[in-house]
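Novice: Structure below; questions to follow.
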Amino acid sequence: MAAFTASEVECLAILEHRRWLRERQRAGWRYGTAKDVERRRSPYMVPWEELPDRAKEWNRSAVRSIPSLLASVNLAVVK
């Protein structure tokens, strides 16, 4: 099972955050200092550079799990 390099993880994590941000914006979410589902506010509605480190790590962790998730259904990352 092929793993991503550190630079691939970082690049894909940034892309995933951008995808998530667009998805939320289209659903009416906006920046707020605290998460408020009812009002659709989130402190993570910011560019990657402004995300707290723990939120960046959530994205990196998701990306790192892609090879094993694919392997669980007999697929693989091809570089």
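The values are calculated or read from the model by the stated rules, or taken from the named source; none is laboratory data. Note that this is a predicted model, so its numbers are computed, not measured. Neighbour counts run over all protein chains shown; Cβ positions are idealised from the backbone, glycine included. Heavy atoms of the whole protein, side chains included, go into the accessibility calculation; ligands, DNA and RNA do not. Shrake-Rupley method; radii C 1.70, N 1.55, O 1.52, S 1.80 Å.
Novice: Scan the range 37-65 for residues that are under 12 Å from the mean Cα position of the chain (by Cα) and β-branched (Val, Ile, Thr) and report the count.
Specialist: 1
Novice: Taking the stated definitions as given, is residue 27 within 27 Å of residue 79 (Cα to Cα) and either small (Gly, Ala, Ser) or touching a strand residue (DSSP E or B) at 6+ places or on another chain (Cβ under 7 Å) (or both)?
Specialist: Criteria not met by residue 27.
Novice: Next up: Please list, ordered by residue number, the helices (runs of 4 or more DSSP H) wholly in the range 1-72 having 2 or more residues that are open to solvent by 80 Å² or more (accessible area, probe 1.4 Å). So that I can check it myself, show each step before the final result.
Specialist: Numbers: elements: 6-26, 53-64, 66-71.
Answer list for the range 1-72: 6-26, 53-64.
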